[in-house]
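Working notes for the structure below.
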Amino acid sequence: MVAVRQRTPAQAAFGQVLRAFGLIQRVMRPYFQQYGLSQAQWAILRNLHRAQMEEGHTNGLRMGELGQRLLVQPPSVTTLVRRLVKAGLVAQSAAPTDRRGFELRLTAKGEKLVSHVLLVHQEQIRSVMGGLADEELPAFAQYLERLNTHLAALAAKTPDTLD
């Protein structure tokens, strides 16, 4: 007789987080594809839009800063940025303080696309999060914020293998 190993609460929760992440990606992929974007490209466009329109970064963002916001190393972003530049959605210019670096910002075409997506984006998010009642969402967000704070502390102690 084989003993069945019981999953701990931590293992069960971890599995559910991974499953939810995978399912969110599966649901969001076709949503972004209708705009000719990947999820990763949208993340770049949305971060540039947020920086320019909501935070006042008129010169755009440097690649390193964009990587920090996306929680990835700049080399991982480079190919995506090149595609967005080629599509005319993002412009890059030399950084005024460092000739080796450059800054990224949305073009007028990129701003128009992001504004168009944002018109319906709230409804998409509402649909994705529809498995929880409105009154459950604040507690859920607080749990995730606590988990993210903990994970950020662990990540800060973990050597980065891409350096």
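Considering every residue within the range 10-21, establish whether at least one is under 24 Å from Leu104 (Cα atoms), modelled with pLDDT of 95 or more and not hydrophobic (A, V, I, L, M, F, W, C). No, the conditions are met nowhere in the range 10-21. Beta carbons closer than 9 Å, at least 6 apart along the sequence or on distinct chains, pair a first residue in the range 1-27 that is open to solvent by 100 Å² or more (accessible area, probe 1.4 Å) with a second that is at pLDDT 95 or above for Arg7/Gly15. Restricting the range 29-71 to residues that are among the aliphatic types (A, V, I, L, M) and open to solvent by 20 Å² or more (accessible area, probe 1.4 Å) leaves a set whose member that is farthest from Lys112 (Cα to Cα) is Leu71.
The values are calculated or read from the model by the stated rules, or taken from the named source; none is laboratory data. The structure displayed is predicted, hence computed values, not measured ones. Methodologically, a virtual Cβ is constructed for each residue, glycine included, from the backbone with ideal geometry; neighbour enumeration extends over all protein chains shown. SASA here: full protein model, heavy atoms, side chains in, ligands and nucleic acids out. Shrake-Rupley method; radii C 1.70, N 1.55, O 1.52, S 1.80 Å.
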